[in-house]
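Here's the structure we're looking at; comments come further down.
The values are calculated or read from the model by the stated rules, or taken from the named source; none is laboratory data. The shown structure was predicted, so the numbers you read here are calculated from the model rather than taken from an experiment. Here Cβ is always computed from backbone atoms with ideal geometry, including for glycine, and neighbour counts include all displayed protein chains. Note: areas computed on protein heavy atoms with side chains; ligands, DNA, RNA excluded. Shrake-Rupley method; radii C 1.70, N 1.55, O 1.52, S 1.80 Å.
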Amino acid sequence: EKERDKMENKVTVVLADANEEFRTMLRQHMEAAGEFLVVGSTDSGEVALDMVKRLRPQLLVTDVVLPGLDGFGLLRQMNQLSGEQPRCIVVSSFCNRRTVAQAMEMGVYFIPSSNTATLPLLALPPN
């Protein structure tokens with residue numbers, strides 16, 4: 001019972017990044033912070049969109065560069081879904097003024113992948 005309560009208080013997360021090693025590191029880092037529960041992890045924008053629809057996470061962490069449907073395409077498609085959308089953080093090594101501006105226009109946080117230590121600081125209060 002207590003375990004379930006603990007789980008329910010964590011922010012549920014879906015990770016989308018082409019680099020499996022980075023996703024694994026990010027998952028460990030986020031779960032170690034104690035605030036997050038990674039419910040899905042993929043290297044594909046299409047699969048991430050499906051996970052968001054099925055798993056209804058509170059947070060999506062995505063890269064810009066994904067095979068097929070890229071990070072911004074994923075965010076655009078998510079914006080067309082009905083119901084409550086997860087908060088989004090774009091984590092990418094592909095960091096230029098245009099990318100950051102595009103992320104901000106879409107209302108998402110942008111974090112250079114070299115700075116992922118700041119992710120736990122963005123812990124959201126559970127809904």
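A few points about this structure:
- Subset of the range 32-46 (residues that are open to solvent by 30 Å² or more (accessible area, probe 1.4 Å) and under 13 Å from the mean Cα position of the chain (by Cα)): Leu37, Val39, Ser41, Asp43
- Leading residue by the ranking (modelled with the lowest pLDDT) among those in the range 1-18 that are hydrophobic (A, V, I, L, M, F, W, C) and more than 22 Å from Ser93 (Cβ to Cβ): Met7
- Every condition in (1) buried (at least 20 other Cβ atoms within 10 Å of the Cβ); (2) out of contact with any Cys (no Cβ under 7 Å at 6 or more places or on another chain); (3) farther than 11 Å from Ala16 by Cα holds for Leu75 except the one numbered (2).
- Cross-chain or 6+ apart pairs with Cβ under 6 Å, the range 48-68 first and hydrophobic (A, V, I, L, M, F, W, C), then open to solvent by 70 Å² or more (accessible area, probe 1.4 Å): Leu49/Gln77; Leu59/Arg87; Val64/Phe94; Val65/Phe94
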